[in-house]
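Visitor: Quick one: the structure is below, questions incoming.
The values are calculated or read from the model by the stated rules, or taken from the named source; none is laboratory data. None of these values were measured; they are calculated from a predicted model. Here Cβ is always computed from backbone atoms with ideal geometry, including for glycine, and neighbour counts include all displayed protein chains. Remember, those area values only see protein heavy atoms, side chains included, never the ligands or the DNA or RNA. Shrake-Rupley method; radii C 1.70, N 1.55, O 1.52, S 1.80 Å.
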Amino acid sequence: MEELVSRIKKDGLVLNQDVLKVDSFLTHQVDANLMAAIGGVFADAFKGQQITKVVTIEASGITPAIFTAQKLQVPMIYARKAKSLTMNEELLTAEVYSFTKQVTSTVSISKKFLNETDKVLIIDDFLANGQAAKGLIELCQQAGAEVVGIGIVIEKSFQGGRQLIEDMGLPVVSLARISGFKDGTVEFLEGDA
Ligand code: G4P
């Protein structure tokens, strides 16, 4: 997605050899027009696949996911990392290990929002090692829902996430694919959409 790649070139900051800071338009301050365009591209990429729910994980997956859900006219569900006060019903849960942060967290979705009739599109902001996506896939599997595909805003192709998900037989659509960081600049592969 050319608009996204240009924005990363303009406003992305390479923090170290494997972390990109995009807090001015994606992970903290959010460019709503860019997110709306991203939602349109994901909706187009998966149109005709009878998606019934968009699933993501808090926090930064929520904005691209909500615009995708709006375009597809289906609900968006975000997995929670902490149990909410009102979440007193039965839960689907999965453990997510972050290689970056070296912590394991339990993520959950209420059982009442996903079932075996659902066809799910998973959306997330970053794909690094794929552990968050794997956890979301597990939640869908527990519900008996079918995962149709994974939409990623920024894929770090030099990490193992894409391979992990493709090995599960699931298609990945990444709007920006980063092959690496060289001398403080971002190098890209051809994106999927
Ligand atoms: P993984 O899920 O693909 O295995 O990723 P990993 O454990 O490596 O990443 C942990 C967190 O860091 C995730 O957010 C992920 O989105 C984010 N992340 C990974 N690589 C980058 C990067 O290069 N830049 C930025 N800005 N973020 C990155 P999180 O902490 O779980 O959630 P959130 O609350 O920040 O959305």
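Visitor: Scan the stretch 106-130 residue by residue and report those that are open to solvent by 40 Å² or more (accessible area, probe 1.4 Å) and under 13 Å from residue 57 (Cβ atoms).
Guide: If the condition is that a residue be open to solvent by 40 Å² or more (accessible area, probe 1.4 Å) and under 13 Å from residue 57 (Cβ atoms), then 106, 126 are the ones that fit.
Visitor: When only residues in the stretch 20-50 that are aliphatic (A, V, I, L, M) and touching a Phe, Trp or Tyr at 6+ places or on another chain (Cβ under 7 Å) count, which is most open to solvent (accessible area, probe 1.4 Å)?
Guide: Out of the qualifying residues, it is 36.
Visitor: Hey, another quick one. Among the candidates 51, 77, 109, 38, which residue alone is assigned to a helix (DSSP H, G or I) and β-branched (Val, Ile, Thr)?
Guide: Just a single option satisfies the conditions, and that option is 38.
Visitor: Please enumerate the residues belonging to the stretch 78-105 that are more than 26 Å from residue 20 (Cα to Cα) and either in contact with a helix residue (DSSP H, G or I) (Cβ under 8 Å, 6 or more places away or on another chain) or of a type in the set (Lys, Arg) (or both).
Guide: 83, 89, 90, 91, 92, 93, 94, listed by residue number.
Visitor: When the stretch 1-17 is examined, which residues are found to be within 11 Å of the ligand (Cβ to nearest atom) and over 16 Å from residue 152 (Cβ atoms)?
Guide: Selection gives 13, 14, 15, 16, 17.
Visitor: Cβ contacts < 7 Å: first residue over 19 Å from residue 78 (Cβ atoms), restricted to the stretch 92-103; second residue in a strand (DSSP E or B) and open to solvent by less than 100 Å² (accessible area, probe 1.4 Å), any location; separation 6+ or different chain. Result?
Guide: Going by the 7 Å Cβ cut-off, the qualifying pairs are 97/104.
Visitor: Please go through the stretch 1-31 and give me each residue that is in contact (Cβ under 8 Å) with a residue 24 or more places away in the chain and not in a loop (DSSP other than H, G, I, E, B), ordered by number.
Guide: 3, 4, 5, 7, 8, 9, 14, 20
Visitor: Among strands (runs of 3 or more DSSP E) lying entirely in the stretch 139-193, which contain 1 or more residues that are of a type in the set (S, T, N, Q) and loosely packed, with under 15 Cβ neighbours inside 10 Å?
Guide: 172-182, 185-189
Visitor: Just the residues that are within 6 Å of the ligand (Cβ to nearest atom) and assigned to a strand (DSSP E or B), please, taken from the stretch 112-134.
Guide: Scanning the stretch 112-134 gives 125, 126, 127.
Visitor: Which numbered condition in (1) in contact with an Asp or Glu (Cβ under 7 Å, 6 or more places away or on another chain); (2) open to solvent by 40 Å² or more (accessible area, probe 1.4 Å) is the only one that residue 53 fails?
Guide: The single condition residue 53 does not satisfy is (2).
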